[in-house]
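The values are calculated or read from the model by the stated rules, or taken from the named source; none is laboratory data. All of these numbers come straight from a predicted model, not from anything done at the bench. Positions of Cβ are generated from backbone atoms using ideal geometry, with glycine treated the same way; all protein chains shown enter the neighbour counts. Quick note on the areas: whole protein, heavy atoms, side chains included, nothing else; ligands and nucleic acids left out. Shrake-Rupley method; radii C 1.70, N 1.55, O 1.52, S 1.80 Å.
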Amino acid sequence: MHALETVDVDFRYPNGTHALQGVNIKIKTGSKIAILGPNGAGKSTLLYLFNATFKPTSGTVFLNGDSMHYDSSSLRSIRQKVGIVFQNSDEQLFAPTVKQDVSFGPLNLRLSVEEVEKRVSKSLNMVGISGFENLPPHNLSTGEKKKVAIAGVLAMEPEIMIFDEPLSGLDPRGQAELTELLDQLNADEKTIIVTTHRMDFAAEWADEIWILKNGQVIKKGEPNEIFSDMSLIHGANLQVPMPIQTHNELYLRGFANKQVPLSVLELVESVIEFSGEDEYNNYYALAKDDFAPHDECFIGFENGALVAFPEDFKNCFARFRCTEQVREGKQIPIDLSNIPEGKVWIVRTPSSLEGGAEIMLVTVVRGLIDSKKPHRIGAMGTVAKSIVKNTGLNYDFGGEVVNSAVSASRRGLSTMIFATGKMADLAAKRIAYLNQRMGEEICFQMVDEEL
Amino acid sequence: MQFLEQFTLKNKLNGVSGKLKTLFAVLTLLVCSFSTTFIVPLLVFCIMLAFTVVVAGIPPRFYAKLMLAPAGFGLVSFVLMLFFFGKEPFFSIHAGGLTLTATKDGFDMALISVGRMLGSVSCLLFLALTTPMADIFTVLKKLKLPDVFIDLSMLIYRFIVVMVEEALRMEYAQKMRLGYSDVKGSFRALSLLAGNLFVRSWDSADKMLTAMNSRGYDGIIHVLDDESPIPRLHLLGLAGFELVLVSLNLILPR
């Protein structure tokens, strides 16, 4: 089943610009799609066609298999099903307060006031905005405005959500949060379509990539397919993501295997797999305590020097077992073949918080952390993040959580991931996928505690 | 950028119904401007001042700054009315061969008009400093003003800020390239800024309409309003307060 399909779509602007020429696109229901292309390729125009804001000059757009009609009742149903979040939030937010802005869409669907109230608070919760309900939009930061704009579309409960340049203008943390929100929406079975100029994001996030140029589709495919085609990428004024660039260099010089890595994690695995783990040069850290054989040893950088502590510390990046007696102040040899197993636990949290439930959860979460003693804590989704924060802890991984956890586990550190609702399944699937891609088994476990 | 608005969002009267605050300010304003004695407006001034500065916690310095312009205007009017209106002589000032005669009825008139003016301004400042715009729009809607009027005011309210921000950004960009270095250049830069701002506003209005359409806009802006009623007790208190003001007007000599 295709959520959206265009057949031979042409679009001309009134001023004569031929923005789209014979575009045929099929978008699978429930997938994550990135549309890439140079400025002026017709990406935004295409988005407007998906939402029936524009009517194709010729050709047809299909929504869930039915061709789009452009009378007012069809338009209402199309716009309920397909929501667009615009690039500039200031051009989307118009109401005097955040709450009023979010209520605009659902009220246009002629829903009852109670239902609208419910949807408004649900969507604001989902995007992680609270306490701003009665503020005017200009009192918010760019990232917060973006979230409110998303909540405004989310409140209409669309099946398909379209984001025009969702990451532009956000700080790195905001970008990580937004990427995660996109995953969370996708976990709730929404089809997500984004346009972006961020290649690393597209490579890691998308299921499928479509490349537009001069109003035409020049290629579609999975990220590794797309990004291994250098001439195509450069021809479309795009750029190869950093991990793939680095991989190419290493591969051509004989230091990596051929598989195209879509993230830093995969790049590192590719190099390690190629060179073999025994090939590590032994290196040394400064012992900050006395160590006996079989003692746990945590290493990391402190003021630029590699140091070893008997306990976990802030900048620690790996854990291994000592092989010999070392006194404090001496150099301790790091034997990377002696890395103990780092586990990953995935804990599912509820997908929304009813009043009061949070206090109970805090004890359960504390209990879990005390019993499993993870070295690192990850949180996926707004609810999980707020639960972890309420426990009085800080999460170490708030973005790219699964990759970070798997990376950490390869360095002997175990991670407990708290994941909101269906994101837990997503995390499990992702680890299974990484295991398969890397040909390694990371031990992970779903914790089925009643949260 | 300091807008008066920042205070409406963070003051100690935030918990009080916006409808009540609007009613309080507007009714008191009406009573004040129809007062026949100067005592009621002065009383109103003191009460509003207390509510705004003491109860709502608006910084006194900021309030004084806002009051400065109307107060200065009031002083000038007072002097003018005292000396140039009315017939009954009150007292005279002799200065350098000139004689200025103040009049009794001029004095009364000056007292009442300046009193009314100060009272009314304090009512409006109370409203402007403690009541968020969204609440005022709700009241306007309740008063059954035309949708077009309310929709337009809402959009203007939101986009004034967007436009000011845009204009400031452009001004910085111009200044960075020495846009306002002399008089002629200033005129040129300002005209460019104004023209550009117009085009951009047009453009962003267009984009906003697209965004609104994509959320099912049908010609009227529907948004959730604060439907919570004004507590009975507050309403009674307000009615009592206004009654006292009106009866003071009737009792006190004109």
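Tell me, yes or no, whether the range B:26-36 has at least one residue that is over 23 Å from residue B:239 (Cβ atoms), under 17 Å from the mean Cα position of the chain (by Cα) and open to solvent by less than 60 Å² (accessible area, probe 1.4 Å).
No, there is no match, as no residue in the range B:26-36 is over 23 Å from residue B:239 (Cβ atoms), under 17 Å from the mean Cα position of the chain (by Cα) and open to solvent by less than 60 Å² (accessible area, probe 1.4 Å).
Consider the range A:68-91. How many of its residues are open to solvent by 60 Å² or more (accessible area, probe 1.4 Å) and either within 7 Å of chain B (Cβ to nearest Cβ) or of a type in the set (Ser, Thr, Tyr) (or both)?
Residues meeting the conditions: 4.
Go through the range A:61-169 and tell me which helices (runs of 4 or more DSSP H), entirely inside it, have 1 or more residues that are among the aromatic types (Phe, Trp, Tyr) and modelled with pLDDT of 90 or more.
Of the helices (runs of 4 or more DSSP H) lying wholly inside the range A:61-169, those with at least 1 residues that are among the aromatic types (Phe, Trp, Tyr) and modelled with pLDDT of 90 or more span A:98-108.
Would you check if there is a residue in the range B:190-209 being buried (at least 17 other Cβ atoms within 10 Å of the Cβ), touching a Gly at 6+ places or on another chain (Cβ under 9 Å) and more than 10 Å from chain A (Cβ to nearest Cβ)?
yes
Can you tell me which condition residue A:287 does not meet? The list is (1) over 24 Å from residue A:409 (Cβ atoms); (2) loosely packed, with under 13 Cβ neighbours inside 10 Å, and all the others hold.
Result: residue A:287 fails condition (2) only.
Does residue A:54 satisfy being open to solvent by 10 Å² or more (accessible area, probe 1.4 Å) and in a strand (DSSP E or B)?
no
Return only the number of the condition from (1) among the aliphatic types (A, V, I, L, M); (2) modelled with pLDDT under 90; (3) within 26 Å of residue B:21 (Cβ to Cβ) that residue B:145 does not satisfy.
Of everything listed in (1) among the aliphatic types (A, V, I, L, M); (2) modelled with pLDDT under 90; (3) within 26 Å of residue B:21 (Cβ to Cβ), residue B:145 misses just condition (2).
For residue B:217, which of the numbered conditions (1) hydroxyl-bearing (Ser, Thr, Tyr); (2) within 14 Å of another protein chain (Cβ to nearest Cβ); (3) in a helix (DSSP H, G or I) fails to hold?
Every condition holds for residue B:217 apart from (3).
Kindly check whether there is at least one residue in the range B:88-96 that is assigned to a helix (DSSP H, G or I) and either at pLDDT 85 or above or open to solvent by 30 Å² or more (accessible area, probe 1.4 Å) (or both).
The answer is no; no qualifying residue exists.
Scan the range B:167-185 for residues that are more than 26 Å from residue B:202 (Cα to Cα) and among the acidic types (Asp, Glu) and jot them down.
Answer for the range B:167-185, where residues must be more than 26 Å from residue B:202 (Cα to Cα) and among the acidic types (Asp, Glu): just B:182.
Here are some conditions: (1) closer than 20 Å to residue A:160 by Cα; (2) open to solvent by 50 Å² or more (accessible area, probe 1.4 Å); (3) within 14 Å of chain B (Cβ to nearest Cβ). Residue A:13 meets all but one. Which one does it not meet?
(1)
Could you please give the count of residues in the range A:431-451 that are modelled with pLDDT of 75 or more and open to solvent by 60 Å² or more (accessible area, probe 1.4 Å)?
Here the count works out to 2.
Which pairs have Cβ atoms under 8 Å, sit 6 or more apart or on different chains, and link a residue in the range A:315-329 that is at positive phi and of a type outside the set (D, E, K, R) to one that is surrounded by 15 or more Cβ atoms within 10 Å (Cβ to Cβ) and assigned to a strand (DSSP E or B)?
Within 8 Å, the pairs are A:329/A:286; A:329/A:287.
Tally time: how many residues in the range B:222-233 are open to solvent by less than 20 Å² (accessible area, probe 1.4 Å) and more than 7 Å from every other protein chain (Cβ to nearest Cβ)?
Going through the range B:222-233 one residue at a time, the tally reaches 0.
So residue A:225 clears everything in (1) touching a helix residue (DSSP H, G or I) at 6+ places or on another chain (Cβ under 9 Å); (2) in a helix (DSSP H, G or I) except one condition, right? Which one?
Failing condition for residue A:225: (1).
Tell me which of these residue A:139 doesn't satisfy, since it passes every other one: (1) open to solvent by 10 Å² or more (accessible area, probe 1.4 Å); (2) more than 25 Å from residue A:175 (Cβ to Cβ); (3) at the interface with chain B (Cβ under 9 Å from one of its Cβ atoms); (4) among the polar types (S, T, N, Q).
(2) is the only condition that residue A:139 fails.
Looking at residue A:152, is it under 24 Å from residue A:52 (Cβ atoms) and touching a Ser or Thr at 6+ places or on another chain (Cβ under 9 Å)?
So residue A:152 passes the test.
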